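J.: Handing you this structure, nothing more for now.
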Amino acid sequence: MDKANATALRTAMIAAADAIVAAEPELTRVDMVIGDGDHGIGMKTGFTALKRELLANEYESPYALFHACGLCLVKSMGGSSGVLFGTLLIGGLEAIRGLDCLDGAAMCAYFCGGIDAVIRRGKAKAGDKTMVDALLPAKAHMERALADTDSVESVLKAAEAGALEGVEATKAMLPRLGRSKNFRESAIGWPDPGAISVSVLFGGMAKALA
Ligand code: ADP
Ligand code: MG
(Lines give C-alpha, C1' and ligand atoms only; values in the text may rest on other atoms or scores of the structure.)
(Ligands and ions follow the chains in the order given, each with its own letter.)
Protein backbone atom coordinates (compact mmCIF):
# COMPACT_ATOMS: atom_id res chain seq x y z
CA MET A 1 0.00 0.00 0.00
CA ASP A 2 1.39 3.42 -0.95
CA LYS A 3 -0.73 5.60 1.30
CA ALA A 4 -2.74 4.77 4.40
CA ASN A 5 -5.76 6.56 5.83
CA ALA A 6 -7.05 6.28 9.41
CA THR A 7 -9.03 3.12 8.59
CA ALA A 8 -6.02 1.32 7.09
CA LEU A 9 -3.80 2.47 9.97
CA ARG A 10 -6.38 1.25 12.48
CA THR A 11 -6.20 -2.20 10.84
CA ALA A 12 -2.39 -1.99 10.92
CA MET A 13 -2.31 -1.13 14.64
CA ILE A 14 -4.72 -3.99 15.42
CA ALA A 15 -2.36 -6.34 13.53
CA ALA A 16 0.62 -4.92 15.41
CA ALA A 17 -1.22 -5.46 18.71
CA ASP A 18 -1.88 -9.10 17.75
CA ALA A 19 1.81 -9.54 16.87
CA ILE A 20 2.93 -8.09 20.23
CA VAL A 21 0.53 -10.36 22.12
CA ALA A 22 1.81 -13.37 20.14
CA ALA A 23 5.41 -12.39 21.02
CA GLU A 24 4.68 -12.31 24.78
CA PRO A 25 6.31 -15.71 25.57
CA GLU A 26 9.55 -14.70 23.79
CA LEU A 27 9.59 -11.24 25.41
CA THR A 28 9.00 -12.78 28.83
CA ARG A 29 11.74 -15.40 28.31
CA VAL A 30 14.32 -12.77 27.37
CA ASP A 31 13.32 -10.29 30.11
CA MET A 32 13.53 -13.15 32.67
CA VAL A 33 17.18 -13.59 31.77
CA ILE A 34 18.31 -9.99 31.45
CA GLY A 35 15.60 -7.94 33.20
CA ASP A 36 12.93 -8.39 35.86
CA GLY A 37 10.73 -10.58 33.67
CA ASP A 38 7.77 -8.25 33.29
CA HIS A 39 8.30 -6.85 29.79
CA GLY A 40 6.23 -9.48 27.96
CA ILE A 41 3.27 -9.20 30.32
CA GLY A 42 3.48 -5.39 30.31
CA MET A 43 3.42 -5.29 26.50
CA LYS A 44 0.64 -7.86 26.34
CA THR A 45 -1.48 -5.87 28.79
CA GLY A 46 -0.90 -2.59 26.94
CA PHE A 47 -1.52 -3.92 23.46
CA THR A 48 -4.58 -5.95 24.54
CA ALA A 49 -6.05 -2.68 25.87
CA LEU A 50 -5.00 -0.97 22.65
CA LYS A 51 -6.79 -3.52 20.49
CA ARG A 52 -9.92 -3.20 22.63
CA GLU A 53 -9.80 0.61 22.26
CA LEU A 54 -9.33 0.36 18.46
CA LEU A 55 -12.15 -2.14 17.98
CA ALA A 56 -14.53 0.07 19.93
CA ASN A 57 -13.82 3.33 18.08
CA GLU A 58 -13.42 4.94 14.69
CA TYR A 59 -10.92 7.75 14.09
CA GLU A 60 -11.27 10.78 11.85
CA SER A 61 -7.57 11.09 11.09
CA PRO A 62 -4.23 9.31 11.51
CA TYR A 63 -3.43 11.95 14.16
CA ALA A 64 -6.52 11.06 16.22
CA LEU A 65 -5.81 7.34 15.85
CA PHE A 66 -2.17 7.45 16.95
CA HIS A 67 -2.95 9.94 19.73
CA ALA A 68 -5.53 7.53 21.15
CA CYS A 69 -3.08 4.61 20.80
CA GLY A 70 -0.30 6.43 22.66
CA LEU A 71 -2.56 7.54 25.52
CA CYS A 72 -3.95 4.03 25.85
CA LEU A 73 -0.45 2.53 26.24
CA VAL A 74 0.62 5.10 28.82
CA LYS A 75 -2.57 4.49 30.83
CA SER A 76 -2.69 0.70 30.64
CA MET A 77 0.97 -0.38 30.82
CA GLY A 78 3.28 -0.15 33.76
CA GLY A 79 7.07 -0.12 33.71
CA SER A 80 9.41 2.08 31.74
CA SER A 81 8.16 0.69 28.49
CA GLY A 82 4.56 1.94 28.96
CA VAL A 83 5.77 5.52 28.99
CA LEU A 84 8.37 4.87 26.29
CA PHE A 85 6.05 3.14 23.80
CA GLY A 86 3.40 5.79 24.50
CA THR A 87 6.01 8.45 23.81
CA LEU A 88 6.98 6.70 20.56
CA LEU A 89 3.39 7.02 19.35
CA ILE A 90 2.74 10.55 20.66
CA GLY A 91 6.09 12.31 20.19
CA GLY A 92 5.86 12.69 16.40
CA LEU A 93 2.20 13.65 16.07
CA GLU A 94 2.90 17.23 14.95
CA ALA A 95 4.36 15.81 11.71
CA ILE A 96 0.96 14.41 10.67
CA ARG A 97 -1.45 17.03 12.01
CA GLY A 98 -4.15 17.75 9.42
CA LEU A 99 -3.27 14.83 7.09
CA ASP A 100 -6.01 12.43 5.94
CA CYS A 101 -3.55 9.94 4.48
CA LEU A 102 0.07 9.09 5.28
CA ASP A 103 2.56 8.40 2.51
CA GLY A 104 6.05 7.06 3.18
CA ALA A 105 7.53 10.48 3.93
CA ALA A 106 4.78 11.34 6.43
CA MET A 107 5.11 7.97 8.16
CA CYS A 108 8.87 8.42 8.38
CA ALA A 109 8.53 11.96 9.78
CA TYR A 110 5.95 10.75 12.32
CA PHE A 111 8.04 7.88 13.68
CA CYS A 112 11.28 9.87 13.57
CA GLY A 113 9.63 12.48 15.81
CA GLY A 114 8.54 9.70 18.17
CA ILE A 115 12.01 8.17 18.20
CA ASP A 116 13.61 11.52 19.06
CA ALA A 117 11.06 11.94 21.87
CA VAL A 118 11.87 8.48 23.32
CA ILE A 119 15.56 9.41 23.36
CA ARG A 120 14.86 12.77 25.05
CA ARG A 121 12.60 11.13 27.62
CA GLY A 122 14.56 7.96 28.44
CA LYS A 123 18.02 9.43 27.93
CA ALA A 124 19.39 6.13 26.58
CA LYS A 125 22.35 6.41 24.26
CA ALA A 126 23.29 4.17 21.36
CA GLY A 127 24.94 1.05 22.78
CA ASP A 128 23.13 1.09 26.16
CA LYS A 129 21.25 -2.09 25.14
CA THR A 130 17.72 -0.65 25.07
CA MET A 131 14.92 -0.17 22.57
CA VAL A 132 16.83 2.89 21.36
CA ASP A 133 19.31 0.48 19.74
CA ALA A 134 16.43 -0.78 17.55
CA LEU A 135 14.89 2.69 17.05
CA LEU A 136 18.06 4.39 15.75
CA PRO A 137 18.72 1.89 12.92
CA ALA A 138 14.97 1.87 12.17
CA LYS A 139 15.17 5.65 11.69
CA ALA A 140 18.25 5.37 9.47
CA HIS A 141 16.64 2.65 7.32
CA MET A 142 13.39 4.64 6.94
CA GLU A 143 15.27 7.76 5.86
CA ARG A 144 17.34 5.75 3.38
CA ALA A 145 14.25 3.99 1.97
CA LEU A 146 12.70 7.36 1.08
CA ALA A 147 15.38 7.85 -1.57
CA ASP A 148 13.76 5.01 -3.57
CA THR A 149 10.12 4.93 -2.54
CA ASP A 150 7.27 6.95 -1.13
CA SER A 151 5.19 3.94 -0.14
CA VAL A 152 4.07 3.73 3.47
CA GLU A 153 4.44 -0.05 3.39
CA SER A 154 8.05 0.13 2.15
CA VAL A 155 8.96 2.68 4.82
CA LEU A 156 7.53 0.45 7.58
CA LYS A 157 9.32 -2.58 6.12
CA ALA A 158 12.53 -0.57 6.22
CA ALA A 159 11.81 0.32 9.85
CA GLU A 160 11.37 -3.37 10.67
CA ALA A 161 14.59 -4.32 8.87
CA GLY A 162 16.52 -1.62 10.74
CA ALA A 163 15.00 -2.66 14.06
CA LEU A 164 15.91 -6.31 13.45
CA GLU A 165 19.51 -5.31 12.76
CA GLY A 166 19.40 -3.42 16.02
CA VAL A 167 18.03 -6.46 17.90
CA GLU A 168 20.98 -8.53 16.60
CA ALA A 169 23.42 -5.80 17.64
CA THR A 170 22.02 -5.62 21.20
CA LYS A 171 23.10 -9.24 21.79
CA ALA A 172 26.72 -8.15 22.09
CA MET A 173 25.98 -5.11 24.28
CA LEU A 174 26.50 -4.76 27.99
CA PRO A 175 23.41 -3.17 29.59
CA ARG A 176 24.01 0.25 31.09
CA LEU A 177 20.47 1.55 31.61
CA GLY A 178 17.27 0.14 33.00
CA ARG A 179 16.90 -2.91 35.17
CA SER A 180 18.90 -5.26 33.02
CA LYS A 181 22.01 -3.37 34.13
CA ASN A 182 21.77 -5.48 37.28
CA PHE A 183 22.60 -8.53 35.21
CA ARG A 184 25.64 -7.07 33.46
CA GLU A 185 27.83 -9.81 31.94
CA SER A 186 25.12 -12.49 32.00
CA ALA A 187 23.12 -10.33 29.57
CA ILE A 188 25.78 -10.73 26.87
CA GLY A 189 24.48 -12.95 24.09
CA TRP A 190 20.84 -12.04 24.80
CA PRO A 191 18.94 -9.39 22.83
CA ASP A 192 17.20 -6.49 24.55
CA PRO A 193 13.47 -7.27 24.99
CA GLY A 194 12.35 -3.69 24.32
CA ALA A 195 14.30 -3.76 21.04
CA ILE A 196 12.49 -6.98 20.04
CA SER A 197 9.15 -5.28 20.77
CA VAL A 198 10.07 -2.39 18.48
CA SER A 199 10.78 -4.81 15.60
CA VAL A 200 7.50 -6.66 16.23
CA LEU A 201 5.53 -3.38 16.23
CA PHE A 202 6.96 -2.18 12.89
CA GLY A 203 6.74 -5.67 11.37
CA GLY A 204 3.10 -6.11 12.38
CA MET A 205 2.15 -2.74 10.88
CA ALA A 206 4.09 -3.37 7.64
CA LYS A 207 2.51 -6.77 7.06
CA ALA A 208 -1.01 -5.40 7.50
CA LEU A 209 -0.36 -2.64 4.93
CA ALA A 210 0.96 -5.05 2.27
P1 ADP B 1 11.05 -2.02 33.34
O2 ADP B 1 12.47 -1.78 32.88
O3 ADP B 1 10.50 -0.86 34.09
O4 ADP B 1 10.85 -3.35 34.00
P5 ADP B 1 9.93 -3.18 30.96
O6 ADP B 1 10.44 -4.47 31.44
O7 ADP B 1 8.52 -3.13 30.50
O8 ADP B 1 10.18 -2.02 31.99
O9 ADP B 1 10.79 -2.71 29.72
C10 ADP B 1 12.14 -2.98 29.63
C11 ADP B 1 12.63 -2.39 28.33
O12 ADP B 1 12.46 -0.99 28.35
C13 ADP B 1 14.10 -2.62 28.10
O14 ADP B 1 14.29 -3.84 27.41
C15 ADP B 1 14.53 -1.42 27.29
O16 ADP B 1 14.44 -1.67 25.90
C17 ADP B 1 13.51 -0.38 27.62
N18 ADP B 1 14.05 0.69 28.46
C19 ADP B 1 14.16 0.72 29.79
N20 ADP B 1 14.67 1.91 30.20
C21 ADP B 1 14.87 2.63 29.07
C22 ADP B 1 15.36 3.97 28.79
N23 ADP B 1 15.73 4.79 29.77
N24 ADP B 1 15.43 4.37 27.49
C25 ADP B 1 15.03 3.54 26.50
N26 ADP B 1 14.56 2.31 26.70
C27 ADP B 1 14.49 1.86 27.95
MG1 MG C 1 11.08 -5.23 33.11
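J.: Using only Cα atoms, figure out Rg for the stretch 4-209 and give it as a multiple of 2.2 N^0.38 Å.
T.: It is 0.94.
J.: What residues have an amide H closer than 5 Å to that of Thr149, excluding those fewer than 5 places away on the same chain, when H is modeled at 1.01 Å from N in the peptide plane?
T.: none
J.: Around Asn57, what is the net charge, scoring Lys/Arg as +1 and Asp/Glu as -1 over all other residues with Cβ under 15 Å from its Cβ?
T.: Once positives and negatives cancel, what remains is +1.
J.: In the chain, once you exclude exposed GluC sites (Glu not before Pro) (DSSP loop, at most 11 other Cβ within 10 angstrom), what's the longest stretch remaining?
T.: Maximal segment without exposed cleavage sites: 61-210.
J.: Once ligands and nucleic acids are excluded and a 1.4 Å probe is used, how much of Arg97 is accessible, expressed in Å² to the nearest 10?
T.: 140 Å²
J.: Right, next: Over the C-alpha atoms of the stretch 61-174, what are the Rg and the largest Cα-to-Cα span, Dmax, in Å?
T.: 13.9, 43
J.: Follow-up question, since we're still on this one. Normalised by the number of residues in the stretch 15-64, what is the relative contact order in percent for Cα pairs under 8 Å and 6+ residues apart?
T.: Relative contact order of the stretch 15-64: 37 percent.
J.: Once amide H atoms are built 1.01 Å from N in the peptide plane, which residues 5 or more positions from Asn5, or in another chain, come under 5 Å H to H?
T.: Leu102
J.: Using only the Cα atoms of the stretch 36-81, build the gyration tensor, take square roots of its eigenvalues as a ≥ b ≥ c, and label the shape rounded, prolate or oblate: rounded if a/c is under 1.5, else prolate if a/b is larger than b/c, else oblate.
T.: Because a/c hits 1.5 or more and a/b exceeds b/c, the stretch 36-81 counts as prolate.
J.: Quick check: at a probe of 1.4 Å, how many percent of the accessible area of the chain sits on carbon and sulfur atoms?
T.: The nonpolar share, carbon plus sulfur, comes to 55 percent.
J.: In percent, how large is the relative contact order of the stretch 95-210, given Cα pairs closer than 8 Å and 6 or more residues apart?
T.: The normalised contact order for the stretch 95-210 reaches 29 percent.
J.: Which lysines have a Cα less than 19 Å from the Cα of Lys123, not counting those fewer than 8 places away in the same chain?
T.: Lys139, Lys181
J.: Ok, one more. Compute the relative contact order of the chain as a whole-number percentage, counting only Cα pairs closer than 8 Å that sit 6 or more residues apart in sequence.
T.: In percent, rounded to a whole number, it is 26.
J.: Also, quick follow-up: Under a 1.4 Å probe, what is the accessible area of the stretch 95-180 per residue, stated in Å²?
T.: 44 Å²
J.: Would you compute, from DSSP H runs of 4+ residues alone, the mean residue ellipticity of the chain at 222 nm, taking -39500 (n - 2.57) per run and dividing by the full residue count, rounded to the nearest 500?
T.: -22000 deg cm²/dmol
The values are calculated or read from the model by the stated rules, or taken from the named source; none is laboratory data. A quick note: this is a predicted structure, and the numbers were derived from the prediction, not measured. Glycine gets a Cβ as well: all are built from the backbone with ideal geometry, and neighbour counts include every protein chain shown. Side chains are part of the model used for accessible areas, which takes the heavy atoms of the whole protein and leaves out ligands, DNA and RNA. Shrake-Rupley method; radii C 1.70, N 1.55, O 1.52, S 1.80 Å.
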